[in-house]
1. Okay, which of segment 25-43 sit inside 18 Å, backbone N to the point 7 Å along the Cα-Cβ direction of residue 89?
2. Listing 187, 227 from the residue with the fewest other Cβ atoms within 10 Å to the one with the most, what is the order?
3. What number, rounded to the nearest 500 deg cm²/dmol, is the helix-based mean residue ellipticity at 222 nm of the chain, given -39500 (n - 2.57) per DSSP H run of at least four residues and division by all its residues?
4. Looking at the chain from every direction and averaging, what is the projected area of its Cα convex hull in nm²?
5. Hey, got the dipole for segment 146-263? About the Cα centre, +1 on K and R Cβ, -1 on D and E Cβ, debye to the nearest 20?
6. Which FRET efficiency value, to the nearest 0.05, do you get for residue 151 and residue 259 by plugging their Cβ-Cβ distance into 1/(1 + (r/R0)^6) with R0 = 22 Å?
7. First select every other residue whose beta carbon is under 13 angstrom from the beta carbon of residue 71; then total the charges, Lys and Arg +1, Asp and Glu -1.
8. Tell me, what is the percent relative contact order of segment 146-263, built from C-alpha pairs under 8 Å that lie six or more residues apart?
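Readers should treat all values here as calculations from the given coordinates under stated rules, not as data from a laboratory. These figures come from a predicted structure and were not determined experimentally. Here the Cβ positions follow ideal geometry from the backbone for every residue, glycine too, while neighbour counts run over all protein chains shown.
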Amino acid sequence: MPEGDTIYRLARRLQDSVEGQQILSSDLRVPRFATVDLSGRRVSEVRAAGKHLFMAMGLPVVDEGPLAPAEVILHSTLAMEGTWRLHPTGARFSAGPAHQIRAILRFRDVTAVGYRLARLEVLRPTGLTQVTQRLGPDLLGADWDAGLAVTNLLRQPQRSIGDALLDQGNLAGIGNVYKSELCFRARVWPGTSVAEVTDLRGLVDDARQLLLENRDTVKRVTTGDQRRPLWVYRRGGRPCYRCGHTIRVETQGDAGRERWTWWCPRCQPDGSPA
Ligand SMILES: [Zn+2]
């Protein structure tokens, strides 16, 4: 599942392969941008912010005069199953059926194909600002600000910590895996209100630390042990590695946006009678 560390690694792969390269042809398969032609543009920068991926593309090489289109940014998010894959130009695309393809960017040597993207849009720089302004501090960003993340979380003190951690407007980069794992590591039941979490700063610092530790590796580890990498995520019904109690799983969250949450009732007691 793509979380901040996944997007970070994806951005790095794209940086290595397409930054500085010219787009030979493009095919955006979302209705709003289906007629947009990016060919001739050169990718000036690829970067990740939280769970968002931005590809900035400079002016076409042939200058069309004062009305030439300025820089545009291709913005994508991956949600649960999306990804960008790099295929050698001319080779068959192999990461999913054609109807799941949302974007094709053909360069001389490689072709970048966006599969199952949750969101794909072409932005002007002002549109980019609107997107990034809605995001809280990026856990893997150079300008990470833990104090601001805590302040943001406390704006809705009655909200559950599990939900609040997923809100990219509070801090950017946490998905469902880290949400469950961070709550376990903090020994906090995910349904606890933000106001009741005693060491919110410690939890936020731990989030930063975990994403930093995992940003360069494919296998996500939160336990420090490669053989049993995660404490609770997708371990419902199985014994807790710390105390042996059965891990529980339930949906949690705002109506219509519920997400699965895993926790150990003994390590993370919810305060209700057993
Ligand atoms: Zn336990």
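1. Output list for this probe position: 25-28, 37-43.
2. On the way: 187 15, 227 6.
The most exposed by this proxy come first: 227, 187.
3. Numbers: 6 runs with 63 residues, N = 274.
Value at 222 nm, helices only: -7000 deg cm²/dmol.
4. Numbers: hull surface 65.4 nm².
Here the figure is 16.4 nm², rounded to one decimal.
5. Working: 19 positive and 13 negative charges, 90 e Å.
Result for segment 146-263 is approximately 440 debye, rounded to the nearest 20.
6. Numbers: r = 24 Å, r/R0 = 1.09.
With R0 = 22 Å, the Cβ-Cβ based efficiency is 0.40.
7. Values: positive: 41, 42, 124; negative: 45.
Net charge in that neighbourhood comes out at +2.
8. Numbers: 160 pairs, mean separation 29.3, N = 118.
Rounded, it is 25 percent for segment 146-263.
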